[in-house]
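So that we are looking at the same thing, I have put the structure below in structure tokens.
The values are calculated or read from the model by the stated rules, or taken from the named source; none is laboratory data. All values derive from a computational prediction rather than experimental measurement. Neighbour counts run over all protein chains shown; Cβ positions are idealised from the backbone, glycine included.
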Amino acid sequence: MRRSQSRLASGWVKMDPSQLDQILTNLCVNARDAIADTGMVTIETSNEVLDDAYMQNIPDCVPGNYVMLAVSDTGHGMDADTRAHLFEPFFTTKGVSKGTGLGLAMVIGIVEQNRGLINVYSEPGRGTTFKIYLPKAEPKIIAAVKSTQQMARRVSATVLLVEDEGQILNLGQRILQRQGYTVLAAPHPEVALALAAQQAGPIHLLVTDVVMPGMNGRELAERLRASHPDLKCLFMSGYTADVIAQHGVLDAGVAFLQKPFTLQSLAEKVCEVLEAHREPPRQP
């Protein structure tokens, strides 16, 4: 197989260009088929630095610089059971003669062959986002991750973290506690409301997933601000910011962190949101 460098909008990856064509073709066809009437398919790229905390549970993948390719649609979405079988050969949710069930199996095969990884974010009725991470091809890899111990200033604060995926909730809690924050961890919006009601002191920051069962992140923030009017908010999602905006869940300009996050990206974003809202010191 011929291997060469393929150019994505964010950087170079070392792979056969035809493989990149196959990935995009299969993902875009699936995205089209997931949309019943009218909708939107969005393709995005970005540079990402994945650290040890993110990579520790992913076989054969190493921390480093990656180029992320995301394909999102506004289609019918998938439940957890469908996602669990998504990459199995011959598995398909399409009707007879409408799909072979080999497209996504081919995609994951190409990604793994090129030492990459793939994540899928989907909820029934809320569309799907496939994120593919491919190692960035650079002559010299310059570490883009600053040591968390070298952050200019650290803010002492209480953070309410809300995430319905247990693994991400535990990772986020460990990262924030390591930064010195007091963390209230909630696996569901109703639990978050209960923790907030029991909290005697202030809650400085809400870090919440956007799409959750029963109540979305914006609705949760509005309810919490009734009793905590000074609450700052950082929203996060596996969907991209553009897709979230298309759903009308978040307004433009809000603080947003895309999952999967690294130790550095979460720590920096939390610090950024808290620092941006601090009152300037009063002049004597």
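Scan region 272-282 and tell me whether some residue there is within 28 Å of Gly201 (Cβ to Cβ), surrounded by 18 or more Cβ atoms within 10 Å (Cβ to Cβ) and at pLDDT 80 or above.
Residues of region 272-282 that are within 28 Å of Gly201 (Cβ to Cβ), as a first pass: 272-282.
With surrounded by 18 or more Cβ atoms within 10 Å (Cβ to Cβ) added as a condition, the list becomes 273-274.
So of that shortlist, the ones also at pLDDT 80 or above come out as 273-274.
For region 272-282, residues within 28 Å of Gly201 (Cβ to Cβ), surrounded by 18 or more Cβ atoms within 10 Å (Cβ to Cβ) and at pLDDT 80 or above: present.
Quick check on region 68-82: of everything there that is of a type outside the set (D, E, K, R) and within 20 Å of Gly166 (Cβ to Cβ), which residue is modelled with the highest pLDDT?
Restricting to residues being of a type outside the set (D, E, K, R) and within 20 Å of Gly166 (Cβ to Cβ), the top hit is Met78.
Another question, if that's okay. What residue, of Pro229, Pro213, Pro202, is assigned to a loop (DSSP other than H, G, I, E, B), surrounded by fewer than 19 Cβ atoms within 10 Å (Cβ to Cβ) and free of Cβ contacts under 8 Å to residues at least 12 places away in the same chain?
Going through Pro229, Pro213, Pro202 in turn, just one is assigned to a loop (DSSP other than H, G, I, E, B), surrounded by fewer than 19 Cβ atoms within 10 Å (Cβ to Cβ) and free of Cβ contacts under 8 Å to residues at least 12 places away in the same chain: Pro229.
Related question: Run Leu220 past the list (1) in a helix (DSSP H, G or I); (2) in contact with a Ser or Thr (Cβ under 7 Å, 6 or more places away or on another chain); (3) more than 22 Å from Gly125 (Cβ to Cβ) and report the number of the one that doesn't hold.
The one condition Leu220 does not meet is (3).
Considering only residues that are in a helix (DSSP H, G or I) and crowded, with 19+ Cβ neighbours inside 10 Å, which ones fall in region 109-131?
Hits for region 109-131 are Ile110, Val111.
Give the residues of region 169-189 that are over 14 Å from Leu206 (Cα atoms) and either touching an Asp or Glu at 6+ places or on another chain (Cβ under 8 Å) or surrounded by fewer than 17 Cβ atoms within 10 Å (Cβ to Cβ) (or both), sorted by residue number.
Asn170, Arg174, Gln177, Arg178, Gly180
Then there's this: So, in region 32-42, of the ones that are of a type outside the set (S, T, N, Q) and surrounded by 15 or more Cβ atoms within 10 Å (Cβ to Cβ), which residue ends up nearest to Val13 (Cα to Cα)? Don't jump to the end; show me each part of the working.
The initial filter retains those residues of region 32-42 that are of a type outside the set (S, T, N, Q), namely 32-37, 39-41.
From what is left, the residues that are surrounded by 15 or more Cβ atoms within 10 Å (Cβ to Cβ) are 33-35, 39, 41.
Numbers: Asp33: 28, Ala34: 29, Ile35: 30, Gly39: 30, Val41: 23 Å.
Only one residue fits best here, namely Val41.
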